[in-house]
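My questions all concern the structure below.
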Amino acid sequence: MRPLSCEEVDELLPWYAAGEGEPDPRELVEQHLAHCPRCRQGYAETERLAALLDWHHRAGEGLQRLQERLREESQRGAARRAVLSFVRRLAAVAALLLLALGLTRWVSPPRDELPIITVALAAGEEEAVPGPRAKALPARVGLSETAQRVDLTLEVKNRAERILYLDVGGEGTELRLDLSGPGVRAVPATTQSVPPFLSRHLVRLAPGESYFLPIPYLVEGKRGRLRSLSWTKPGRYTLGVRYSVRVSDTPPSARDGQHFGRIRTFVGPLLTIQVP
Amino acid sequence: MQAQTREADADLVQRTVRGDGRAFELLTTRYYRAVGGYLLRRVQRADVVEDLAQETFLEAFRALRQGRAPENFVAWLYGIAHHRLGKWLRRRQVLSFTGMPPEEIAAPAEAVLLEEAEEQQILLGRLEAGLAELPEETRRLLALKHREGRTCEQIANEVGRPVGTIKSLLSRAYRALRERLSRAESAEKGRGS
């Protein structure tokens, strides 16, 4: 077959670049390009022009698609806030139920500065029910959420009529968050800067006083084995909270060492969260 | 003028941070084509460019909604685009296709980024000017080809003309546009040297 001239190749380049050329001329174009730098330059320019034309013609629709996605994302954010508002109402109902059951002393009064919702934590299984002293230590959970993270605040309030001491971060400190639903992701949390697991410290609680534990990124577990939880799909989720800490009504002495007080576990009612 | 744009951007950024979604929409209208043009320089595929541009803006939007307000929005935005592009290139292992050494892809200077983006903007401007000079019918054929993704044969069937005529009209348009772009670039180089 006769080789192609530069003019003929130039004519065929757009179709060759777009993959529309017939097989025979394609082969001839390739043969020509192999030894003609000027046509290779022309080929590069043709490809660039085709890409520019594609972008020029499609950018408008792409922009519309992007703006739709952004609007959906904004709406999802608003829906999430609405869900949290729902959860807050749910929490209020739970608190009322506790009131009706005569457990009012377990419920902490709401505090304006607490994020979004409050749920009274109640004792769970029989073996986890705290003794009389620790029974006076209700706790509550607050959830707050920004676009990418879910935070939790735990309040431990001393409802007893005497001073209580908490060994926060000490041996036995553990926070369990049971998040269940259609898509739960748990990734190891490398940070140790989550207050419940930060360096061991003693918390002295006067009667009626509260201690707040902010827990960012739904980090749970115990020191050295922390995980961060998040949801990955829309749907119905439940979140259970269980917090264990050593509690005593006498200040620690040197001989207490690692075994100050007794481990008490507080279990919260399940929160139901509808993720849109 | 540039300072005014930057100020207007900063205002839109602050409004986005405060939760005003409409403000970010205005930023997308202002920069979507330009960011795509910048990406196109390295990846000459409009479908990939669209994906990367969308990811870029979504990432920027999420960061702003988390309260992160950059000092220079445009440089920051191109930085995100560049980062996304680098990830895509590494994933596809097409570094040789772009002819760019890996270190250039990995660590762009802000000034270089903005300069490249501006060059692409100028190039797109020239293309638009060239298109405006073409006959209406040819522009329609180009739209069928490049917006709808039709082949010459499909276009011929749609407009009821022989395939040869369609190819000939499009070839003429491509040549005119190519010449216009390379002429402008030669003039630019002449001024620069």
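Suppose the filter is within 11 Å of another protein chain (Cβ to nearest Cβ) and aliphatic (A, V, I, L, M); does B:Leu26 pass it?
In short, yes.
Let me ask you something else. Being modelled with pLDDT under 80 and not charged (D, E, K, R) narrows it down to one of A:Val87, A:Val9, so name that one.
A:Val87
Do the conditions hold for B:Gly130, that is, is it within 12 Å of chain A (Cβ to nearest Cβ), loosely packed, with under 14 Cβ neighbours inside 10 Å and not hydroxyl-bearing (Ser, Thr, Tyr)? It would help to see each step written out before you state the result.
Details: within 12 Å of chain A (Cβ to nearest Cβ): yes; loosely packed, with under 14 Cβ neighbours inside 10 Å: no; not hydroxyl-bearing (Ser, Thr, Tyr): yes.
For B:Gly130, the condition - within 12 Å of chain A (Cβ to nearest Cβ), loosely packed, with under 14 Cβ neighbours inside 10 Å and not hydroxyl-bearing (Ser, Thr, Tyr) - is not met.
While we're looking at this one, here's another question. Can B:Glu136 be described as modelled with pLDDT of 85 or more, acidic (Asp, Glu) and exposed (fewer than 15 other Cβ atoms within 10 Å of the Cβ)?
Against the criterion (modelled with pLDDT of 85 or more, acidic (Asp, Glu) and exposed (fewer than 15 other Cβ atoms within 10 Å of the Cβ)), B:Glu136 qualifies.
Moving on to the next point. Of everything in segment A:192-229, what is at pLDDT 70 or above, touching an Asp or Glu at 6+ places or on another chain (Cβ under 9 Å) and within 25 Å of A:Ser180 (Cβ to Cβ)? Give them in sequence order.
A:Leu218, A:Glu220, A:Gly221, A:Lys222, A:Arg223, A:Leu226, A:Arg227, A:Ser228, A:Leu229
List, please: which pairs have Cβ atoms under 8 Å, are six or more places apart or on different chains, and start with a residue in segment A:31-52 that is farther than 22 Å from B:Arg45 by Cα and end with one that is not hydrophobic (A, V, I, L, M, F, W, C)?
A:Gln31/A:Pro3; A:His32/A:Pro3
Which residue pairs have Cβ atoms under 6 Å apart, sit 6 or more places apart or on different chains, and have a first residue in segment A:217-229 that is within 15 Å of A:Val168 (Cα to Cα) and a second that is in a helix (DSSP H, G or I)?
Filtered contacts from segment A:217-229: A:Arg223/A:Phe197.
Out of all the residues in segment B:155-171, which are more than 10 Å from every other protein chain (Cβ to nearest Cβ), at pLDDT 90 or above and in a helix (DSSP H, G or I)?
B:Ile155, B:Ala156, B:Asn157, B:Glu158, B:Val159, B:Thr165, B:Ile166, B:Leu169
On to the next question. Could you tell me whether any residue of segment B:86-99 is farther than 22 Å from A:Val9 by Cβ, surrounded by 13 or more Cβ atoms within 10 Å (Cβ to Cβ) and at pLDDT 90 or above?
No: zero hits.
Take the residues in segment B:135-153 that are in a loop (DSSP other than H, G, I, E, B) and within 15 Å of A:Pro14 (Cβ to Cβ), then tell me which one is nearest to the other protein chains (Cβ to nearest Cβ).
First pass over segment B:135-153, keeping only residues in a loop (DSSP other than H, G, I, E, B): B:135, B:147-151.
After this cut, where a residue has to be within 15 Å of A:Pro14 (Cβ to Cβ) as well, the list is B:149-151.
On the way: B:Gly149: 8, B:Arg150: 10, B:Thr151: 6 Å.
For segment B:135-153, the residue satisfying everything is B:Thr151.
Let me ask something additional. How many of the residues making up segment A:230-270 are of a type in the set (A, V, I, L, M) and modelled with pLDDT of 65 or more?
Residues in segment A:230-270 being of a type in the set (A, V, I, L, M) and modelled with pLDDT of 65 or more: 5 in total.
The values are calculated or read from the model by the stated rules, or taken from the named source; none is laboratory data. Computed from a predicted model, the values in this text were never measured in an experiment. Don't worry about glycine lacking a Cβ; one is built from the backbone with ideal geometry, like all the others, and counts go over all protein chains shown.
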